[in-house]
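Engineer: Sharing a structure with you now.
Each value in this text was obtained by applying a stated rule to the coordinates, not by laboratory testing. In this text the structure is predicted, and so the values were computed from the model without any measurement. In this analysis, Cβ positions are derived from the backbone assuming ideal geometry, glycine residues included, and neighbour counts consider all displayed protein chains.
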Amino acid sequence: MLDTESGQYVLRIHRPWVTMRRLSFEHQTKRLLADAGFPVALPVAALSGADILSHEQRLIELEPFISNDIPTKRWDYLPTMFTLLGDVHAFLEKHLSPSSIVPPAVDNYATPIQMMEWIERTASLIESSQSGYKIGEVQQASEICHVVLQMLSQQLPWWYDEGQYLPRQPTHGDYRTGNVLFRAGNVVGLLDFDFLDLRERIFDLAYAIYWIFWQQEDVRYPELAPWPRVRTLLEAYNQATDLPLLREEIQALPLELIRVPLYWIAEAGFLSDPVRAVLQQTDAIAYALRLFQQQDALAKAFALA
């Protein structure tokens, strides 16, 4: 954050793979949302008039800092967050054509088929890893890949029969509590459109719900978490859209939840140290496995009347 005489700002220095074309697309989308009244921070133009600068092959933008506070009773604010998501989805579906989307070079989403291909690559790299690890680390990382592949392979029948046909539309891509800012009980900021892309809309909800439970509940015992509260969030979402969630989407929600941490194993094969990247997700994969084993109970907990 930058403190200046004219106010506080956030300087965003993007990763090397973010292109001018992609960032310009994000700016256009944010302007559409801001013009419609959504609390989106627009980039600040430099003296030259440009709102995207570059330095050493990195794109740079400046945004106004949005003052916010952390709600003391987070669950009380979450329905508002999901009503906003319903509004955002409805707006993007109406005003953003799929053909206009410039896909991000790096994402946090993949289909089960894509993830299986990438995890097989990760597993292969791990098996050929050189020395330098503690005894058992390479084997542990390899076993994690095997467990994840098993979970994904058991999803394939569902994906071929139903998952790939779920409603798809432009979605935020990184919708979670850290990117929705509150002040005095009201939403004052919607941030981070770096992953905006076309995907099944229920994944946007699953991603937000995953992070809510991972950060706010005891992740060691997910079976004891208050999953029925999710119904309140789904109902809040439905209030904001003319296209309420289908029964098939809500039934798919457990599997969409589980795919969130599995993606991190898929991307590990593209990182400099796949073994270490996989081992860092040990707890998250154990959590995903427990959710996978309880998917029928979760589906019942999520079902709307």
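Engineer: For the ranges 218-225, 164-171, what's the packing order if you count other beta-carbon atoms within 10 Å of each residue, average per peptide, and put the highest first?
Structural biologist: Top to bottom by mean Cβ count within 10 Å: 164-171, 218-225.
Engineer: To the nearest 500 deg cm²/dmol, what mean residue ellipticity at 222 nm is calculated for the chain from DSSP H runs of n ≥ 4 alone, each contributing -39,500 (n - 2.57), summed and divided by the residues?
Structural biologist: Rounded to the nearest 500, the figure is -16500 deg cm²/dmol.
Engineer: What does the charge add up to near Trp264, with Lys and Arg as +1, Asp and Glu as -1, over the other residues with Cβ less than 13 Å from its Cβ?
Structural biologist: Numbers: positive: Arg259, Arg276; negative: Asp107, Glu267, Asp283.
Value of the local net charge: -1.
Engineer: In whole Hz, with x marking every Gly and Pro, tabulate ³J(HN,Hα) for the stretch 189-203 from phi via Karplus 6.51 cos²θ - 1.76 cosθ + 1.60, θ = phi - 60°.
Structural biologist: Per-residue couplings from phi come out as x, 10, 10, 6, 9, 4, 10, 4, 6, 8, 7, 5, 5, 5, 5 Hz.
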